[in-house]
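The values are calculated or read from the model by the stated rules, or taken from the named source; none is laboratory data. Given the structure is predicted, the values throughout are model-derived calculations rather than measurements. Methodologically, a virtual Cβ is constructed for each residue, glycine included, from the backbone with ideal geometry; neighbour enumeration extends over all protein chains shown. The protein model used for the area step is the full one, side chains on, heavy atoms only, and it has no ligands, DNA or RNA in it. Shrake-Rupley method; radii C 1.70, N 1.55, O 1.52, S 1.80 Å.
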Amino acid sequence: MSQQAHFLSIEQLSASDSFILFYSSQILVRDQHILWNLDQLSKHLTDSADLILLERTDESSVIAVSLEEDISEHLQAELNSLRSILFFTDQEKFLLAGRASQLIEWYKSHRFCGTCGTETTHHRNERTLVCDACSLHFFPRISPCVIMLITKGDQMLLAKSARFNANFYSCLAGFIEIGETPEQTVHREVMEEVNVKVKNIRYISSQSWPFPSQLMLGFLAEYESGEIIPEPTEIADAKWYDINSLPNVPSEKISVAGKLIRTFIDEVKKTQTD
Ligand SMILES: [Zn+2]
């Protein structure tokens, strides 16, 4: 990482900087815009706000602000969930807001050393929190996950989650456990969630998914054997779908699940026209 402080003070801010504001895990939005300038903020920023550098170019920086007070009314802004901005902002800004949210949460939850309880300090040059008492370094963490579309001929297996009240069907997904390769996780999760054995696992694409801090690795996997039996605490419903009669599925514009579905449809159509 380059030589720069990642945790800033108010004196280090400049008029050309842009800001992403969070209060109580929600993002401040006005007219579908999430970036603010110093002019708009300066009166309302207090020393208690955490200022976290996200990006720096020669001319300006993008800074995540974790507000201690709700200033949304002063800015005529709304407090929105991070998830809700997926639907109106572009991918670049969404990634930026996702990084901001994850770093803010990470700083908040690592104020003290997990070994000895001493208050942590910011490393001078790196995005790291340090315990001076036991010389431990804490780095921002992500949780790797696999997401997979199971295919059988021209059909795909889509499932509805039992955990949240989803009105759409999507791919299966799960966290990679310690000691597993992503491919092993695909085998295990598919067996656990729908009782199906898969083969020919193929990596397609990945996505940072900040809910709260996942890295999604997307795969296509072919059906090998087994009858679908959904695991009821995870899966409300799971079925084979023909590419021409799909239920409501996630958009390829916002999620790797949508991209996996689109990739498979394109591959099937290509073999049909060849
Ligand atoms: Zn310690």
Considering only the range 51-72, how many residues are assigned to a strand (DSSP E or B) and buried (at least 17 other Cβ atoms within 10 Å of the Cβ)? 11
Residue check for residue 261: assigned to a loop (DSSP other than H, G, I, E, B) and modelled with pLDDT of 95 or more: no
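For (1) more than 16 Å from the ligand (Cβ to nearest atom); (2) more than 25 Å from residue 26 (Cβ to Cβ); (3) in a helix (DSSP H, G or I), each residue gets a yes or a no:
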site: 75; (1), (2), (3): yes, no, no
site: 101; (1), (2), (3): yes, no, yes
site: 104; (1), (2), (3): yes, no, yes
site: 107; (1), (2), (3): yes, no, yes
site: 114; (1), (2), (3): no, yes, no
site: 117; (1), (2), (3): no, yes, no
site: 126; (1), (2), (3): yes, yes, no
Across the range 128-148, which residue is surrounded by the fewest Cβ atoms within 10 Å (Cβ to Cβ) among those that are within 11 Å of the ligand (Cβ to nearest atom) and within 30 Å of residue 28 (Cβ to Cβ)? 138
May I ask you to list the residues in the range 165-224 that are of a type in the set (Phe, Trp, Tyr) and over 19 Å from residue 152 (Cβ atoms)? 168, 175, 203, 209, 211
Top-ranked residue of the range 73-118 - restricted to ones that are in contact with a strand residue (DSSP E or B) (Cβ under 8 Å, 6 or more places away or on another chain) and among the β-branched types (Val, Ile, Thr), ranked as surrounded by the most Cβ atoms within 10 Å (Cβ to Cβ): 104
Search result, residues across the range 77-99 that are assigned to a loop (DSSP other than H, G, I, E, B) and either among the acidic types (Asp, Glu) or over 26 Å from residue 47 (Cα atoms) (or both): 86, 87, 88, 89, 90
Filter the range 170-206 for residues that are part of a helix (DSSP H, G or I) and under 11 Å from residue 218 (Cβ atoms); the one that is least open to solvent (accessible area, probe 1.4 Å) is 186
Single unsatisfied condition, residue 270 versus (1) closer than 30 Å to residue 81 by Cα; (2) more than 20 Å from the chain's Cα centre (by Cα); (3) not aliphatic (A, V, I, L, M): (1)
In the range 197-229, residues that are within 26 Å of the chain's Cα centre (by Cα) and over 20 Å from residue 265 (Cβ atoms) total 9
Unmet criterion (only one of (1) closer than 19 Å to residue 5 by Cβ; (2) surrounded by 13 or more Cβ atoms within 10 Å (Cβ to Cβ); (3) at pLDDT 95 or above) for residue 28: (1)
Would you be able to tell me the number of residues in the range 82-101 that are under 11 Å from residue 22 (Cβ atoms) and either among the small types (Gly, Ala, Ser) or not assigned by TED's automatic domain parsing to the domain that holds residue 27 (or both)? 3
Would you check which residues across the range 13-25 are of a type in the set (A, V, I, L, M) and either outside the structural domain of residue 85 (by TED's automatic domain parsing) or surrounded by 14 or more Cβ atoms within 10 Å (Cβ to Cβ) (or both) and list them? 13, 20, 21
Being surrounded by fewer than 19 Cβ atoms within 10 Å (Cβ to Cβ) and touching a residue at least 40 places away in the same chain (Cβ under 8 Å) narrows it down to one of 242, 266, so name that one. 242
Mind telling me which of the residues 243, 178 ends up being under 30 Å from residue 104 (Cα atoms) and not assigned by TED's automatic domain parsing to the domain that holds residue 92? 178
